[in-house]
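Some notes on the structure that comes next.
The values are calculated or read from the model by the stated rules, or taken from the named source; none is laboratory data. No experiment lies behind these values; they were computed from the predicted model shown. Using ideal geometry, Cβ is built from the backbone for each residue, glycine included, and neighbour counts are taken over all protein chains shown. Side chains are part of the model used for accessible areas, which takes the heavy atoms of the whole protein and leaves out ligands, DNA and RNA. Shrake-Rupley method; radii C 1.70, N 1.55, O 1.52, S 1.80 Å.
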Amino acid sequence: MVDRSGVPLAMVRAGGASPHTAEASHAKAFTSASSRNPTSGIAKAIQSNPDAAGMANIPGFLVLGGGVPLEIGNEAIGAISAIGVAG
């Protein structure tokens, strides 16, 4: 989980999770928080729109499904990543 600026707030990782899951989880949450969009939607936009493909090159972005923004009303307060659940 990250705050609205993409700064990590909390992470839970299972003992048997692969080593890459912590960084991938942070990158997905960062991507979702900074774009205010689910990473699955960004991935679809990149696939269907060549002009959006550059988003995958933004430092710190990981354009894979699993990152979801957190909102209270219409205000973005952060994001989470579901990679830890899958990993």
If I filter the stretch 22-41 for residues that are small (Gly, Ala, Ser), part of a helix (DSSP H, G or I) and open to solvent by 50 Å² or more (accessible area, probe 1.4 Å), do I get at least one hit?
yes
Can you pull out every residue in the stretch 59-79 that is in contact with a Ser or Thr (Cβ under 8 Å, 6 or more places away or on another chain) and not in a strand (DSSP E or B)?
GLY60, PHE61, LEU62, VAL63, LEU64, GLY65, GLY66
Just to be sure, is SER18 hydroxyl-bearing (Ser, Thr, Tyr), out of contact with any Ser or Thr (no Cβ under 6 Å at 6 or more places or on another chain) and part of a loop (DSSP other than H, G, I, E, B)?
yes
Just to verify a result, which residue in the stretch 1-41, among those that are of a type in the set (Val, Ile, Thr) and under 10 Å from the mean Cα position of the chain (by Cα), is nearest to PHE61 (Cα to Cα)?
THR31
Which numbered condition ARG13 misses (of (1) in a helix (DSSP H, G or I); (2) charged (D, E, K, R); (3) in contact with a helix residue (DSSP H, G or I) (Cβ under 6 Å, 6 or more places away or on another chain))
(1)
In the stretch 3-21, which residues are more than 16 Å from GLU75 (Cα to Cα) and either at pLDDT below 90 or open to solvent by less than 20 Å² (accessible area, probe 1.4 Å) (or both)?
MET11, VAL12, ARG13, ALA14, GLY15, GLY16, ALA17, SER18, PRO19, HIS20, THR21
Between residues in the stretch 6-31 that are on the phi > 0 side of the Ramachandran plot and residues that are among the polar types (S, T, N, Q) and open to solvent by 50 Å² or more (accessible area, probe 1.4 Å), which pairs lie under 8 Å by C-beta distance while being six or more apart or on different chains?
GLY6/SER34
